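The structure appears right after this line, and notes come after that.
The values are calculated or read from the model by the stated rules, or taken from the named source; none is laboratory data. None of these values were measured; they are calculated from a predicted model. Here the Cβ positions follow ideal geometry from the backbone for every residue, glycine too, while neighbour counts run over all protein chains shown.
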Amino acid sequence: MVASWSSIALRTDTYQGKSEQAPRGRALVKAHFERSLDLFGVTAWEVCEPDLAEFFIDRAHRTPTACR
């Protein structure tokens, strides 16, 4: 998770995997993915300063996924 977000947020290229894929080959339902983005946003606002929360939420929404 740290390597994935380091690559997304800081462009470190430390993560070469496919973070948008569901674990163990399970299909990722679009509604579930959207819900996870909502929960991520709530958590970001709870634990980050406002400018960082906005940054992480923006990056999360930009991350490509097959569910969109």
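Residues that are loosely packed, with under 10 Cβ neighbours inside 10 Å, out of contact with any His (no Cβ under 8 Å at 6 or more places or on another chain) and at pLDDT 80 or above occur at least once in segment 27-35.
Contact map, segment 43-57: residues that are over 15 Å from residue 5 (Cα atoms) paired with residues that are among the aliphatic types (A, V, I, L, M), Cβ distance under 6 Å, separation 6+ or inter-chain. Pairs shown: 45/53. Taking the criterion of being among the charged types (D, E, K, R) and either in contact with a strand residue (DSSP E or B) (Cβ under 7 Å, 6 or more places away or on another chain) or exposed (fewer than 13 other Cβ atoms within 10 Å of the Cβ) (or both), the residues of segment 38-57 that qualify are 38, 46, 49, 51.
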